[in-house]
Amino acid sequence: MNDGRRTGRPDVAVRADINVTSLVDVAFTLLVIFIITAPMLQGGVEVDVPEASVAPITHQDEPFWVTVDRDGRVFIAETEVAIEEFESAFPQLLRAAQAQMVYIRADSLAWYGRVLGVIAIISQVEGIKFGLVADPRLELR
């Protein structure tokens, strides 16, 4: 009589264990790689903008970014420029990019005189609007 078992072999218990140690190691390695590379994928110059009660940026066109870091260095997009070069080249770059709006990202610890100088240069270009970028302040209710 055959009851579905193989004959000639003693009954061996089936073991349904899966060793996931190597899978967990790979997952943690990928997580660490992602954590390290994610800030680099952001792009832009890293600055700590101040907090304020602001609305999110909703401009339709690609914005034109000017950044002042805490050391007073000025960046157009991600390219560092000397303040003298910024003053002479900025109007030409705006015309070439056909930008209508300029966003100024200044570090909260940046030298106020440098930020004001950048604002003055931008405001001299006719037909250009500009805005200061800040992190939204969390309102406590």
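The values are calculated or read from the model by the stated rules, or taken from the named source; none is laboratory data. Remember, predicted model here, so these are calculated numbers, not experimental data. We place every Cβ from the backbone using ideal geometry, glycine too, and count neighbours over all the protein chains shown.
I'm told G127 meets every condition in (1) in contact with a helix residue (DSSP H, G or I) (Cβ under 8 Å, 6 or more places away or on another chain); (2) part of a loop (DSSP other than H, G, I, E, B); (3) among the small types (G, A, S) except one. Can you identify the failing condition by its number?
(1)
Please enumerate the residues belonging to region 94-127 that are over 26 Å from E51 (Cβ atoms), in contact with a strand residue (DSSP E or B) (Cβ under 7 Å, 6 or more places away or on another chain) and surrounded by fewer than 17 Cβ atoms within 10 Å (Cβ to Cβ).
A97, Q100
Of the conditions (1) more than 18 Å from the chain's Cα centre (by Cα); (2) among the acidic types (D, E); (3) closer than 28 Å to E126 by Cβ; (4) at pLDDT 85 or above, D61 satisfies every one except a single condition; which number is it?
(4)
Out of the residues in region 105-124 that are charged (D, E, K, R) and outside any loop (DSSP other than H, G, I, E, B), state the one that is nearest to E87 (Cα to Cα).
R114
Does G44 fit the bill of being closer than 26 Å to L109 by Cα, modelled with pLDDT of 80 or more, assigned to a loop (DSSP other than H, G, I, E, B) and in contact with a Phe, Trp or Tyr (Cβ under 8 Å, 6 or more places away or on another chain)?
In short, no.
Please list, ordered by first then second residue, the pairs with beta carbon atoms under 6 Å, 6 or more apart or interchain, first in region 85-97 and touching a residue at least 40 places away in the same chain (Cβ under 8 Å), second part of a helix (DSSP H, G or I) and not basic (K, R).
Close Cβ pairs satisfying both conditions: none exist.
May I ask you to say which residue of R6, R15 is of a type in the set (K, R), part of a loop (DSSP other than H, G, I, E, B), at pLDDT below 75 and surrounded by fewer than 11 Cβ atoms within 10 Å (Cβ to Cβ)?
Working: R15 fails: at pLDDT below 75.
That would be R6, the only listed residue that is of a type in the set (K, R), part of a loop (DSSP other than H, G, I, E, B), at pLDDT below 75 and surrounded by fewer than 11 Cβ atoms within 10 Å (Cβ to Cβ).
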